[in-house]
Amino acid sequence: MNPLLEQFLIEARENLAFIEQNLQHLGSGDSELINAIFRAAHTMKGGSGIVGFEAIKSITHRAEDLLDMLRSGKIAFNERMVEVLFDAFDEVVDLVEAAEMSGDVVEADEAKVQAIIRAIDELMNKKEERPVWKLPFKLDREAAWLKGAPMSFLSAVTIDLPLSSGEITEENLNDERLYAILFDVAQDCMVYGNDPIYALSLLGEKLLGIDMAMGRDEAKAILSGFDDEEGLLLRSMIIGYARASWSEIEDALYNFIDDIVIAPLSLELLWPNEPSDANVELYRDMMEVVRDGVAHQDLQAVTESINHLLGLIEPQTATAVAAQRLLRLVEATQLRPIEAWQRHVGVHAVPTQPAPSTAEAACEPPREITESDRETIRVILKQQYEQLLESSDAALVARVAHICSLVASCGRLTPPPTTRQEMIAWIEQEMG
Amino acid sequence: MNQARALVIDDSKTVRVYHSQILKEAGFYVDEAENGMEGLEKEAAGGYDLYLVDINMPVLDGYTFVERLRAKEGREKVPVIMISTEAENHDRKNGYAVGANLYYVKPVRPDELKRVTRMLVCDKIRGGR
(Lines give C-alpha, C1' and ligand atoms only; values in the text may rest on other atoms or scores of the structure.)
Protein backbone atom coordinates (compact mmCIF):
# COMPACT_ATOMS: atom_id res chain seq x y z
CA MET A 1 0.00 0.00 0.00
CA ASN A 2 1.09 3.56 -0.66
CA PRO A 3 2.77 4.57 2.65
CA LEU A 4 1.00 7.92 2.68
CA LEU A 5 -2.40 6.25 2.34
CA GLU A 6 -1.41 3.80 5.05
CA GLN A 7 -0.50 6.68 7.35
CA PHE A 8 -3.77 8.43 6.56
CA LEU A 9 -5.79 5.28 7.38
CA ILE A 10 -3.97 4.81 10.71
CA GLU A 11 -4.59 8.43 11.61
CA ALA A 12 -8.21 8.27 10.45
CA ARG A 13 -8.75 5.24 12.71
CA GLU A 14 -7.44 7.22 15.70
CA ASN A 15 -9.63 10.20 14.92
CA LEU A 16 -12.68 8.03 14.29
CA ALA A 17 -12.14 6.20 17.60
CA PHE A 18 -11.95 9.54 19.39
CA ILE A 19 -15.11 10.74 17.68
CA GLU A 20 -16.95 7.50 18.47
CA GLN A 21 -16.11 7.81 22.15
CA ASN A 22 -17.02 11.45 22.48
CA LEU A 23 -19.74 12.29 19.98
CA GLN A 24 -22.51 11.33 22.43
CA HIS A 25 -21.36 14.18 24.69
CA LEU A 26 -21.63 16.77 21.93
CA GLY A 27 -24.55 18.42 23.73
CA SER A 28 -22.71 18.73 27.05
CA GLY A 29 -21.70 22.32 26.32
CA ASP A 30 -18.01 21.44 26.81
CA SER A 31 -16.40 23.77 24.28
CA GLU A 32 -13.04 22.01 24.44
CA LEU A 33 -14.72 18.71 23.56
CA ILE A 34 -16.56 20.23 20.60
CA ASN A 35 -13.26 21.76 19.48
CA ALA A 36 -11.48 18.43 19.71
CA ILE A 37 -14.18 16.68 17.66
CA PHE A 38 -14.02 19.52 15.13
CA ARG A 39 -10.26 19.11 14.81
CA ALA A 40 -10.58 15.34 14.37
CA ALA A 41 -12.93 15.95 11.43
CA HIS A 42 -10.69 18.76 10.15
CA THR A 43 -7.61 16.51 10.25
CA MET A 44 -9.40 13.78 8.30
CA LYS A 45 -10.55 16.34 5.74
CA GLY A 46 -6.97 17.56 5.21
CA GLY A 47 -5.48 14.06 5.02
CA SER A 48 -8.16 12.72 2.67
CA GLY A 49 -7.50 15.65 0.34
CA ILE A 50 -3.80 14.77 0.23
CA VAL A 51 -4.35 11.08 -0.51
CA GLY A 52 -7.20 11.82 -2.93
CA PHE A 53 -9.93 10.06 -0.92
CA GLU A 54 -12.77 12.19 -2.24
CA ALA A 55 -15.71 10.54 -0.47
CA ILE A 56 -14.12 10.93 2.96
CA LYS A 57 -13.18 14.47 2.10
CA SER A 58 -16.78 15.37 1.16
CA ILE A 59 -18.29 13.87 4.30
CA THR A 60 -15.71 15.21 6.76
CA HIS A 61 -15.82 18.63 5.13
CA ARG A 62 -19.57 18.88 5.76
CA ALA A 63 -19.25 17.48 9.28
CA GLU A 64 -16.49 20.01 9.96
CA ASP A 65 -18.76 22.85 8.78
CA LEU A 66 -21.54 21.74 11.13
CA LEU A 67 -19.16 21.39 14.09
CA ASP A 68 -17.67 24.79 13.29
CA MET A 69 -21.13 26.40 13.42
CA LEU A 70 -21.84 24.63 16.67
CA ARG A 71 -18.58 25.67 18.36
CA SER A 72 -18.95 29.28 17.26
CA GLY A 73 -22.54 29.40 18.52
CA LYS A 74 -24.05 30.02 15.09
CA ILE A 75 -26.48 27.17 15.64
CA ALA A 76 -27.84 25.57 18.79
CA PHE A 77 -27.28 21.94 19.65
CA ASN A 78 -30.05 19.41 19.07
CA GLU A 79 -30.12 15.65 19.60
CA ARG A 80 -30.54 14.94 15.90
CA MET A 81 -27.01 16.22 15.32
CA VAL A 82 -25.49 13.33 17.24
CA GLU A 83 -27.48 10.85 15.17
CA VAL A 84 -26.63 12.44 11.84
CA LEU A 85 -22.94 12.77 12.69
CA PHE A 86 -22.78 9.16 13.88
CA ASP A 87 -24.25 8.11 10.51
CA ALA A 88 -21.71 10.29 8.71
CA PHE A 89 -18.68 8.99 10.58
CA ASP A 90 -19.97 5.39 10.35
CA GLU A 91 -19.79 5.78 6.60
CA VAL A 92 -16.22 7.09 6.95
CA VAL A 93 -15.37 4.02 9.06
CA ASP A 94 -16.77 1.77 6.30
CA LEU A 95 -14.70 3.61 3.69
CA VAL A 96 -11.55 3.34 5.79
CA GLU A 97 -12.16 -0.38 6.27
CA ALA A 98 -12.72 -0.90 2.55
CA ALA A 99 -9.50 0.94 1.78
CA GLU A 100 -7.59 -1.15 4.33
CA MET A 101 -8.93 -4.30 2.69
CA SER A 102 -8.25 -3.28 -0.87
CA GLY A 103 -5.03 -1.42 -0.18
CA ASP A 104 -6.22 1.57 -2.16
CA VAL A 105 -8.64 4.47 -2.13
CA VAL A 106 -12.18 3.23 -2.83
CA GLU A 107 -15.18 4.76 -4.55
CA ALA A 108 -18.16 5.39 -2.32
CA ASP A 109 -21.84 4.87 -3.04
CA GLU A 110 -22.45 8.41 -4.27
CA ALA A 111 -26.17 8.36 -3.36
CA LYS A 112 -25.30 7.45 0.20
CA VAL A 113 -22.70 10.22 0.47
CA GLN A 114 -25.16 12.75 -0.93
CA ALA A 115 -27.85 11.62 1.56
CA ILE A 116 -25.39 12.17 4.43
CA ILE A 117 -24.46 15.59 3.12
CA ARG A 118 -28.12 16.56 2.73
CA ALA A 119 -28.88 15.45 6.28
CA ILE A 120 -26.02 17.60 7.62
CA ASP A 121 -27.10 20.53 5.44
CA GLU A 122 -30.59 20.33 6.92
CA LEU A 123 -29.12 20.61 10.40
CA MET A 124 -27.19 23.67 9.34
CA ASN A 125 -30.46 25.09 8.00
CA LYS A 126 -28.51 25.52 4.83
CA LYS A 127 -31.53 26.38 2.78
CA GLU A 128 -32.85 29.01 5.15
CA GLU A 129 -29.61 30.37 6.48
CA ARG A 130 -27.85 30.52 3.21
CA PRO A 131 -27.62 34.17 2.31
CA VAL A 132 -29.23 35.20 -0.94
CA TRP A 133 -26.52 34.93 -3.55
CA LYS A 134 -25.30 38.26 -4.80
CA LEU A 135 -23.25 39.10 -7.82
CA PRO A 136 -19.68 39.66 -6.61
CA PHE A 137 -19.31 42.74 -8.80
CA LYS A 138 -21.15 45.88 -9.79
CA LEU A 139 -23.10 45.00 -12.89
CA ASP A 140 -24.26 47.69 -15.25
CA ARG A 141 -27.01 46.34 -17.48
CA GLU A 142 -27.48 49.63 -19.32
CA ALA A 143 -23.80 50.52 -19.67
CA ALA A 144 -24.34 53.94 -21.18
CA TRP A 145 -20.55 54.32 -21.15
CA LEU A 146 -20.30 51.61 -23.78
CA LYS A 147 -22.49 53.39 -26.29
CA GLY A 148 -19.49 55.43 -27.37
CA ALA A 149 -17.14 52.48 -27.69
CA PRO A 150 -14.91 53.40 -30.62
CA MET A 151 -16.17 51.92 -33.84
CA SER A 152 -12.56 51.36 -34.87
CA PHE A 153 -12.33 48.92 -31.98
CA LEU A 154 -15.62 47.21 -32.62
CA SER A 155 -15.12 46.82 -36.35
CA ALA A 156 -11.52 45.69 -36.01
CA VAL A 157 -12.62 42.69 -34.04
CA THR A 158 -14.73 39.77 -35.01
CA ILE A 159 -17.21 39.10 -32.32
CA ASP A 160 -19.26 36.15 -31.21
CA LEU A 161 -21.56 38.23 -29.12
CA PRO A 162 -24.80 36.93 -27.75
CA LEU A 163 -27.85 38.99 -28.61
CA SER A 164 -28.33 39.74 -24.95
CA SER A 165 -26.16 38.79 -22.03
CA GLY A 166 -28.67 36.70 -20.09
CA GLU A 167 -28.75 36.17 -16.37
CA ILE A 168 -25.51 35.68 -14.44
CA THR A 169 -26.09 33.16 -11.70
CA GLU A 170 -24.01 31.50 -9.02
CA GLU A 171 -23.78 28.44 -11.26
CA ASN A 172 -22.65 30.18 -14.45
CA LEU A 173 -20.62 32.97 -12.83
CA ASN A 174 -17.36 31.42 -13.90
CA ASP A 175 -18.27 30.75 -17.49
CA GLU A 176 -16.03 32.61 -19.87
CA ARG A 177 -17.78 35.71 -21.17
CA LEU A 178 -17.01 38.88 -23.04
CA TYR A 179 -16.90 41.64 -20.50
CA ALA A 180 -16.39 45.35 -20.62
CA ILE A 181 -14.76 46.50 -17.41
CA LEU A 182 -15.07 50.16 -16.48
CA PHE A 183 -12.56 51.86 -14.23
CA ASP A 184 -13.72 55.26 -13.16
CA VAL A 185 -10.22 56.18 -12.19
CA ALA A 186 -9.85 58.61 -9.33
CA GLN A 187 -7.12 61.19 -9.69
CA ASP A 188 -5.20 59.71 -6.77
CA CYS A 189 -5.20 56.11 -7.97
CA MET A 190 -1.48 56.10 -8.61
CA VAL A 191 -0.61 57.23 -5.08
CA TYR A 192 -0.66 53.62 -3.94
CA GLY A 193 0.95 52.33 -7.07
CA ASN A 194 -2.31 50.86 -8.34
CA ASP A 195 -2.09 51.18 -12.06
CA PRO A 196 -5.28 50.06 -13.81
CA ILE A 197 -3.54 49.49 -17.14
CA TYR A 198 -1.01 47.24 -15.47
CA ALA A 199 -3.73 45.39 -13.56
CA LEU A 200 -5.63 44.83 -16.82
CA SER A 201 -2.50 43.53 -18.49
CA LEU A 202 -2.41 40.76 -15.86
CA LEU A 203 -5.30 39.26 -17.80
CA GLY A 204 -2.73 38.41 -20.47
CA GLU A 205 -4.24 36.92 -23.60
CA LYS A 206 -7.68 37.26 -22.06
CA LEU A 207 -7.48 41.02 -22.44
CA LEU A 208 -8.69 42.09 -25.86
CA GLY A 209 -8.30 45.82 -25.71
CA ILE A 210 -8.26 48.98 -23.67
CA ASP A 211 -10.08 52.19 -24.38
CA MET A 212 -9.73 55.45 -22.47
CA ALA A 213 -11.79 58.58 -22.16
CA MET A 214 -12.07 61.47 -19.78
CA GLY A 215 -14.81 60.96 -17.20
CA ARG A 216 -17.83 62.74 -18.60
CA ASP A 217 -19.00 64.73 -15.60
CA GLU A 218 -15.50 65.89 -14.80
CA ALA A 219 -14.95 66.90 -18.38
CA LYS A 220 -18.05 69.03 -18.20
CA ALA A 221 -16.98 70.58 -14.93
CA ILE A 222 -13.58 71.46 -16.28
CA LEU A 223 -14.88 72.93 -19.51
CA SER A 224 -17.48 74.97 -17.66
CA GLY A 225 -15.09 76.08 -14.99
CA PHE A 226 -17.21 74.56 -12.20
CA ASP A 227 -16.42 72.29 -9.29
CA ASP A 228 -12.71 72.44 -9.74
CA GLU A 229 -11.23 75.01 -7.45
CA GLU A 230 -7.77 73.51 -7.58
CA GLY A 231 -7.42 73.70 -11.31
CA LEU A 232 -7.65 70.93 -13.83
CA LEU A 233 -8.42 67.67 -12.17
CA LEU A 234 -7.96 64.89 -14.62
CA ARG A 235 -10.26 62.02 -14.07
CA SER A 236 -10.21 59.39 -16.71
CA MET A 237 -12.40 56.51 -17.59
CA ILE A 238 -10.69 53.32 -18.69
CA ILE A 239 -12.58 50.49 -20.29
CA GLY A 240 -10.97 47.09 -20.62
CA TYR A 241 -12.46 44.46 -22.92
CA ALA A 242 -11.81 40.88 -21.90
CA ARG A 243 -12.94 37.41 -22.66
CA ALA A 244 -12.50 35.75 -19.30
CA SER A 245 -14.19 34.10 -16.38
CA TRP A 246 -15.07 36.17 -13.34
CA SER A 247 -12.42 34.46 -11.23
CA GLU A 248 -9.72 35.42 -13.75
CA ILE A 249 -10.89 39.03 -13.68
CA GLU A 250 -11.02 38.96 -9.89
CA ASP A 251 -7.47 37.62 -9.69
CA ALA A 252 -6.05 40.24 -12.03
CA LEU A 253 -8.01 43.24 -10.75
CA TYR A 254 -7.85 42.34 -7.08
CA ASN A 255 -6.89 45.87 -6.03
CA PHE A 256 -9.69 47.53 -7.91
CA ILE A 257 -12.43 45.03 -7.32
CA ASP A 258 -14.66 47.38 -5.32
CA ASP A 259 -14.27 50.23 -7.79
CA ILE A 260 -14.88 48.63 -11.13
CA VAL A 261 -18.18 48.34 -12.96
CA ILE A 262 -18.74 45.44 -15.29
CA ALA A 263 -21.01 44.80 -18.23
CA PRO A 264 -21.22 41.44 -19.97
CA LEU A 265 -21.07 42.39 -23.62
CA SER A 266 -23.99 41.71 -25.87
CA LEU A 267 -25.09 43.03 -29.20
CA GLU A 268 -28.02 44.84 -27.63
CA LEU A 269 -25.72 46.59 -25.18
CA LEU A 270 -23.60 48.00 -27.99
CA TRP A 271 -26.54 49.19 -30.04
CA PRO A 272 -26.77 52.93 -30.27
CA ASN A 273 -29.24 54.84 -28.12
CA GLU A 274 -32.48 55.71 -29.74
CA PRO A 275 -31.98 59.06 -31.49
CA SER A 276 -34.19 61.92 -30.36
CA ASP A 277 -34.83 63.75 -33.61
CA ALA A 278 -37.82 63.93 -35.95
CA ASN A 279 -36.99 60.57 -37.54
CA VAL A 280 -37.34 58.55 -34.38
CA GLU A 281 -40.53 56.81 -35.54
CA LEU A 282 -38.79 55.59 -38.68
CA TYR A 283 -35.90 54.42 -36.53
CA ARG A 284 -38.27 52.44 -34.28
CA ASP A 285 -39.87 50.76 -37.28
CA MET A 286 -36.44 49.80 -38.55
CA MET A 287 -35.42 48.45 -35.14
CA GLU A 288 -38.38 46.10 -35.13
CA VAL A 289 -37.10 44.52 -38.32
CA VAL A 290 -33.53 44.54 -36.97
CA ARG A 291 -34.46 42.78 -33.74
CA ASP A 292 -36.41 40.18 -35.63
CA GLY A 293 -33.57 39.71 -38.11
CA VAL A 294 -31.00 39.38 -35.34
CA ALA A 295 -33.15 36.82 -33.56
CA HIS A 296 -33.35 34.80 -36.77
CA GLN A 297 -29.70 35.37 -37.72
CA ASP A 298 -30.91 37.00 -40.92
CA LEU A 299 -28.10 39.38 -41.77
CA GLN A 300 -29.56 40.30 -45.12
CA ALA A 301 -32.93 41.40 -43.71
CA VAL A 302 -31.16 43.47 -41.07
CA THR A 303 -28.82 45.29 -43.43
CA GLU A 304 -31.59 45.90 -45.98
CA SER A 305 -33.79 47.42 -43.33
CA ILE A 306 -31.03 49.76 -42.11
CA ASN A 307 -30.05 50.77 -45.65
CA HIS A 308 -33.70 51.41 -46.44
CA LEU A 309 -33.91 53.87 -43.55
CA LEU A 310 -30.64 55.55 -44.55
CA GLY A 311 -32.12 56.09 -48.03
CA LEU A 312 -35.09 57.95 -46.55
CA ILE A 313 -33.38 60.47 -44.25
CA GLU A 314 -30.78 63.23 -44.34
CA PRO A 315 -27.23 61.91 -43.73
CA GLN A 316 -26.29 64.39 -40.97
CA THR A 317 -29.19 63.65 -38.62
CA ALA A 318 -28.82 61.86 -35.31
CA THR A 319 -30.94 59.02 -36.64
CA ALA A 320 -28.63 58.55 -39.63
CA VAL A 321 -25.55 58.50 -37.38
CA ALA A 322 -27.15 55.92 -35.12
CA ALA A 323 -28.27 53.80 -38.07
CA GLN A 324 -24.80 53.92 -39.63
CA ARG A 325 -23.24 52.81 -36.40
CA LEU A 326 -25.75 50.02 -36.10
CA LEU A 327 -25.00 48.90 -39.64
CA ARG A 328 -21.26 48.77 -39.02
CA LEU A 329 -21.81 46.92 -35.78
CA VAL A 330 -24.05 44.38 -37.43
CA GLU A 331 -21.55 43.90 -40.23
CA ALA A 332 -18.67 43.58 -37.79
CA THR A 333 -20.38 40.87 -35.80
CA GLN A 334 -21.86 39.22 -38.90
CA LEU A 335 -24.58 38.14 -36.50
CA ARG A 336 -22.97 34.78 -36.15
CA PRO A 337 -20.43 33.21 -33.90
CA ILE A 338 -16.97 33.82 -35.21
CA GLU A 339 -13.96 32.08 -33.81
CA ALA A 340 -12.08 34.69 -31.91
CA TRP A 341 -11.66 38.32 -31.18
CA GLN A 342 -8.48 39.74 -32.48
CA ARG A 343 -6.46 41.84 -30.16
CA HIS A 344 -7.01 45.48 -30.66
CA VAL A 345 -5.32 48.15 -28.66
CA GLY A 346 -6.73 51.58 -27.97
CA VAL A 347 -4.62 54.27 -26.39
CA HIS A 348 -2.17 52.07 -24.51
CA ALA A 349 -0.24 49.15 -25.85
CA VAL A 350 -0.91 46.00 -23.89
CA PRO A 351 2.37 44.33 -22.96
CA THR A 352 2.40 40.83 -24.35
CA GLN A 353 5.92 39.86 -23.30
CA PRO A 354 7.66 40.90 -20.13
CA ALA A 355 10.45 43.33 -20.88
CA PRO A 356 13.78 41.56 -20.46
CA SER A 357 15.46 42.52 -17.24
CA THR A 358 18.81 44.24 -17.64
CA ALA A 359 20.59 41.19 -16.23
CA GLU A 360 19.01 38.89 -18.78
CA ALA A 361 19.47 41.31 -21.61
CA ALA A 362 23.12 41.83 -20.75
CA CYS A 363 24.23 38.23 -20.50
CA GLU A 364 23.31 35.00 -22.15
CA PRO A 365 20.05 33.36 -21.14
CA PRO A 366 20.32 31.49 -17.85
CA ARG A 367 20.79 27.80 -18.38
CA GLU A 368 19.22 26.31 -15.28
CA ILE A 369 16.11 28.44 -14.80
CA THR A 370 13.21 26.49 -16.26
CA GLU A 371 9.75 27.72 -17.17
CA SER A 372 8.43 26.01 -14.01
CA ASP A 373 10.97 27.94 -11.95
CA ARG A 374 9.77 31.15 -13.53
CA GLU A 375 6.19 30.26 -12.70
CA THR A 376 7.19 29.59 -9.10
CA ILE A 377 9.03 32.90 -8.96
CA ARG A 378 5.90 34.62 -10.22
CA VAL A 379 3.80 32.93 -7.52
CA ILE A 380 6.23 33.98 -4.80
CA LEU A 381 6.54 37.54 -6.10
CA LYS A 382 2.78 37.87 -6.52
CA GLN A 383 2.29 37.03 -2.85
CA GLN A 384 4.99 39.54 -1.87
CA TYR A 385 3.23 42.12 -4.02
CA GLU A 386 -0.10 41.45 -2.29
CA GLN A 387 1.55 41.96 1.07
CA LEU A 388 3.13 45.25 0.05
CA LEU A 389 -0.18 46.58 -1.25
CA GLU A 390 -1.95 45.49 1.90
CA SER A 391 0.39 47.02 4.46
CA SER A 392 3.33 49.38 4.90
CA ASP A 393 4.38 47.87 8.23
CA ALA A 394 8.17 48.10 8.49
CA ALA A 395 8.67 44.49 9.64
CA LEU A 396 6.52 43.23 6.78
CA VAL A 397 8.42 45.32 4.25
CA ALA A 398 11.71 43.95 5.60
CA ARG A 399 10.42 40.38 5.31
CA VAL A 400 9.26 40.97 1.76
CA ALA A 401 12.62 42.53 0.89
CA HIS A 402 14.38 39.46 2.22
CA ILE A 403 12.22 37.06 0.20
CA CYS A 404 12.64 39.21 -2.92
CA SER A 405 16.40 39.17 -2.56
CA LEU A 406 16.40 35.36 -2.14
CA VAL A 407 14.23 34.92 -5.21
CA ALA A 408 16.27 37.43 -7.19
CA SER A 409 19.50 35.68 -6.37
CA CYS A 410 18.07 32.25 -7.09
CA GLY A 411 16.15 33.29 -10.20
CA ARG A 412 18.91 35.61 -11.47
CA LEU A 413 16.73 38.68 -11.46
CA THR A 414 17.97 42.21 -11.08
CA PRO A 415 18.79 42.93 -7.42
CA PRO A 416 15.63 44.22 -5.69
CA PRO A 417 15.42 47.59 -3.95
CA THR A 418 14.43 47.77 -0.29
CA THR A 419 11.84 50.52 0.02
CA ARG A 420 8.17 49.62 -0.33
CA GLN A 421 7.40 51.79 -3.34
CA GLU A 422 10.53 50.74 -5.21
CA MET A 423 9.86 47.08 -4.47
CA ILE A 424 6.32 47.38 -5.83
CA ALA A 425 7.75 48.79 -9.05
CA TRP A 426 10.49 46.16 -9.14
CA ILE A 427 8.02 43.28 -8.77
CA GLU A 428 5.83 44.77 -11.48
CA GLN A 429 8.82 44.94 -13.77
CA GLU A 430 10.04 41.44 -12.96
CA MET A 431 6.59 39.95 -13.37
CA GLY A 432 6.19 41.71 -16.69
CA MET B 1 27.93 22.85 2.23
CA ASN B 2 25.38 22.83 5.05
CA GLN B 3 22.16 20.95 4.64
CA ALA B 4 19.20 23.29 5.00
CA ARG B 5 16.96 22.49 7.97
CA ALA B 6 13.18 22.64 7.91
CA LEU B 7 10.50 22.27 10.58
CA VAL B 8 7.10 20.91 9.54
CA ILE B 9 4.33 21.78 12.01
CA ASP B 10 0.95 20.11 11.55
CA ASP B 11 -1.33 18.20 13.90
CA SER B 12 -2.09 15.61 11.22
CA LYS B 13 0.55 12.94 10.94
CA THR B 14 -0.55 12.23 7.39
CA VAL B 15 0.15 15.81 6.43
CA ARG B 16 3.46 15.82 8.30
CA VAL B 17 4.56 12.65 6.53
CA TYR B 18 3.50 14.09 3.19
CA HIS B 19 5.25 17.43 3.62
CA SER B 20 8.35 15.94 5.25
CA GLN B 21 8.78 13.52 2.39
CA ILE B 22 8.59 16.32 -0.15
CA LEU B 23 11.08 18.46 1.75
CA LYS B 24 13.48 15.56 2.16
CA GLU B 25 13.33 14.97 -1.57
CA ALA B 26 14.07 18.67 -1.98
CA GLY B 27 17.26 18.16 0.02
CA PHE B 28 16.25 19.34 3.48
CA TYR B 29 16.95 17.87 6.86
CA VAL B 30 13.41 17.77 8.34
CA ASP B 31 12.04 17.85 11.88
CA GLU B 32 8.36 17.61 12.74
CA ALA B 33 6.14 19.10 15.42
CA GLU B 34 2.50 18.33 16.22
CA ASN B 35 1.42 21.83 17.19
CA GLY B 36 2.72 25.36 17.61
CA MET B 37 3.91 24.79 21.16
CA GLU B 38 6.01 21.77 20.20
CA GLY B 39 7.21 23.83 17.23
CA LEU B 40 8.46 26.59 19.56
CA GLU B 41 10.21 24.05 21.78
CA LYS B 42 11.99 22.43 18.85
CA GLU B 43 12.92 25.71 17.34
CA ALA B 44 14.34 26.98 20.65
CA ALA B 45 16.76 24.07 20.55
CA GLY B 46 18.45 25.27 17.40
CA GLY B 47 16.40 27.08 14.83
CA TYR B 48 15.64 26.20 11.24
CA ASP B 49 16.13 27.68 7.79
CA LEU B 50 12.48 27.21 6.84
CA TYR B 51 9.16 26.62 8.58
CA LEU B 52 6.10 24.94 7.09
CA VAL B 53 3.15 25.72 9.35
CA ASP B 54 -0.48 24.59 9.48
CA ILE B 55 -3.07 26.97 10.98
CA ASN B 56 -5.70 24.96 12.80
CA MET B 57 -3.93 22.98 15.52
CA PRO B 58 -4.60 22.14 19.17
CA VAL B 59 -2.57 23.65 22.06
CA LEU B 60 -1.08 26.48 19.96
CA ASP B 61 -2.34 27.38 16.50
CA GLY B 62 -0.23 28.36 13.51
CA TYR B 63 -0.96 32.10 13.65
CA THR B 64 0.23 32.31 17.26
CA PHE B 65 3.28 30.19 16.47
CA VAL B 66 4.36 32.52 13.66
CA GLU B 67 3.69 35.60 15.76
CA ARG B 68 5.86 34.29 18.59
CA LEU B 69 8.55 33.12 16.19
CA ARG B 70 8.78 36.58 14.61
CA ALA B 71 9.11 38.18 18.03
CA LYS B 72 12.33 36.25 18.64
CA GLU B 73 15.64 37.85 17.88
CA GLY B 74 17.15 36.60 14.64
CA ARG B 75 13.89 35.03 13.44
CA GLU B 76 12.37 38.16 11.95
CA LYS B 77 13.06 37.17 8.37
CA VAL B 78 13.44 33.40 8.31
CA PRO B 79 11.14 31.99 5.60
CA VAL B 80 7.76 30.81 6.88
CA ILE B 81 5.21 29.13 4.64
CA MET B 82 1.68 28.67 5.92
CA ILE B 83 -0.20 25.77 4.40
CA SER B 84 -3.82 25.41 5.33
CA THR B 85 -7.07 23.94 4.10
CA GLU B 86 -8.59 27.40 4.54
CA ALA B 87 -8.86 29.05 1.14
CA GLU B 88 -10.55 32.28 2.24
CA ASN B 89 -8.89 35.59 1.52
CA HIS B 90 -9.01 36.70 5.15
CA ASP B 91 -7.06 33.59 6.21
CA ARG B 92 -4.35 34.51 3.74
CA LYS B 93 -4.30 38.10 5.00
CA ASN B 94 -4.14 36.95 8.62
CA GLY B 95 -1.21 34.74 7.68
CA TYR B 96 0.68 37.65 6.14
CA ALA B 97 -0.22 39.92 9.05
CA VAL B 98 1.28 37.61 11.68
CA GLY B 99 4.45 37.21 9.62
CA ALA B 100 4.09 34.40 7.10
CA ASN B 101 6.01 34.95 3.86
CA LEU B 102 3.87 32.69 1.72
CA TYR B 103 0.46 31.11 1.98
CA TYR B 104 -0.65 27.94 0.20
CA VAL B 105 -3.88 26.00 0.27
CA LYS B 106 -3.62 22.23 0.85
CA PRO B 107 -2.83 20.06 -0.89
CA VAL B 108 0.19 21.69 -2.53
CA ARG B 109 1.66 19.90 -5.54
CA PRO B 110 4.93 18.24 -4.52
CA ASP B 111 6.95 19.75 -7.39
CA GLU B 112 5.69 23.22 -6.61
CA LEU B 113 6.52 22.85 -2.92
CA LYS B 114 10.00 21.59 -3.76
CA ARG B 115 10.73 24.51 -6.07
CA VAL B 116 9.41 27.11 -3.64
CA THR B 117 11.24 25.77 -0.62
CA ARG B 118 14.51 25.39 -2.52
CA MET B 119 14.30 28.97 -3.71
CA LEU B 120 13.72 30.24 -0.20
CA VAL B 121 16.91 28.64 1.06
CA CYS B 122 19.01 28.87 -2.08
CA ASP B 123 21.53 31.04 -0.24
CA LYS B 124 22.05 28.08 2.16
CA ILE B 125 22.12 25.43 -0.53
CA ARG B 126 24.84 27.34 -2.34
CA GLY B 127 26.82 27.31 0.87
CA GLY B 128 26.47 31.02 1.41
CA ARG B 129 25.58 30.90 5.10
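The values are calculated or read from the model by the stated rules, or taken from the named source; none is laboratory data. None of the values given here were measured: they were computed from a predicted structure. Glycine also receives a Cβ, built like all others from the backbone with ideal geometry; neighbour counts cover every protein chain displayed.
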| Out of curiosity, is B:L102 within 13 Å of the chain's Cα centre (by Cα) and under 23 Å from A:L388 (Cα atoms)? | yes
| Subset of segment A:406-427 [more than 7 Å from chain B (Cβ to nearest Cβ) and either surrounded by fewer than 17 Cβ atoms within 10 Å (Cβ to Cβ) or among the basic types (K, R) (or both)] | A:R412, A:T414, A:P415, A:P417, A:T418, A:T419, A:R420, A:Q421, A:E422, A:A425
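From the list B:A71, B:A87, exactly one residue is within 13 Å of chain A (Cβ to nearest Cβ), of a type outside the set (V, I, T), within 22 Å of A:A41 (Cα to Cα) and surrounded by fewer than 18 Cβ atoms within 10 Å (Cβ to Cβ). Which is it? Even if it seems obvious, please write down each step before you answer.
Working: B:A71 fails: within 22 Å of A:A41 (Cα to Cα).
Selected residue: B:A87, the only one of B:A71, B:A87 that is within 13 Å of chain A (Cβ to nearest Cβ), of a type outside the set (V, I, T), within 22 Å of A:A41 (Cα to Cα) and surrounded by fewer than 18 Cβ atoms within 10 Å (Cβ to Cβ).
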| Residue identified as in contact with an Asp or Glu (Cβ under 8 Å, 6 or more places away or on another chain) and of a type in the set (K, R) among A:R80, A:R71, A:R62 | A:R62
| field | Test for A:E360: is it acidic (D, E) and at pLDDT below 85 | value | yes
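Just checking, how many residues over segment A:54-84 are assigned to a loop (DSSP other than H, G, I, E, B) and either within 26 Å of A:F8 (Cα to Cα) or aromatic (F, W, Y) (or both)? Before the answer, list the steps.
First pass over segment A:54-84, keeping only residues assigned to a loop (DSSP other than H, G, I, E, B): A:72-78.
Add one more test, that the residue is either within 26 Å of A:F8 (Cα to Cα) or aromatic (F, W, Y) (or both), and what stays is A:77.
The number of residues fulfilling the criteria is 1.
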| query | Residues in segment B:9-21: is at least one closer than 19 Å to B:R75 by Cβ and either outside any helix (DSSP H, G or I) or not hydroxyl-bearing (S, T, Y) (or both)? | reply | yes
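Are any residues in segment A:381-399 of a type outside the set (S, T, N, Q) and more than 8 Å from chain B (Cβ to nearest Cβ), and if so, which ones?
Here is the first cut: in segment A:381-399, the residues of a type outside the set (S, T, N, Q) are A:381-382, A:385-386, A:388-390, A:393-399.
Hits for segment A:381-399 are A:L381, A:K382, A:Y385, A:L388, A:L389, A:D393, A:A394, A:V397.
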| query | Is it true that some residue in segment A:286-305 is under 30 Å from B:M82 (Cα atoms) and either more than 14 Å from chain B (Cβ to nearest Cβ) or at pLDDT 85 or above (or both)? | reply | no
| task | Examine segment A:59-71 for a residue that is facing chain B (nearest Cβ under 10 Å), touching a residue at least 24 places away in the same chain (Cβ under 8 Å) and aliphatic (A, V, I, L, M), and state whether such a residue exists. | result | no
| query | What single numbered condition from (1) within 14 Å of chain A (Cβ to nearest Cβ); (2) over 27 Å from A:M44 (Cβ atoms); (3) surrounded by fewer than 18 Cβ atoms within 10 Å (Cβ to Cβ) fails to hold for B:Q21? | reply | (2)
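Answer yes or no as to whether A:R118 is under 26 Å from A:A244 (Cβ atoms) and at pLDDT 80 or above.
Working: under 26 Å from A:A244 (Cβ atoms): no; at pLDDT 80 or above: yes.
The answer is no for A:R118.
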| query | Got a sec? Which of B:P107, B:P79 is at pLDDT below 90, touching a Phe, Trp or Tyr at 6+ places or on another chain (Cβ under 9 Å) and surrounded by 18 or more Cβ atoms within 10 Å (Cβ to Cβ)? | reply | B:P107
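Name the residue that is surrounded by the fewest Cβ atoms within 10 Å (Cβ to Cβ), counting only residues in segment A:32-56 that are small (G, A, S) and more than 13 Å from A:Q7 (Cβ to Cβ). Working first, answer last.
Quick first cut of segment A:32-56, residues small (G, A, S) only: A:36, A:40-41, A:46-49, A:52, A:55.
Those still in the list that are more than 13 Å from A:Q7 (Cβ to Cβ) too: A:36, A:40-41, A:49, A:52, A:55.
Details: A:A36: 16, A:A40: 26, A:A41: 26, A:G49: 21, A:G52: 14, A:A55: 23.
Taking the candidates together, the pick is A:G52.
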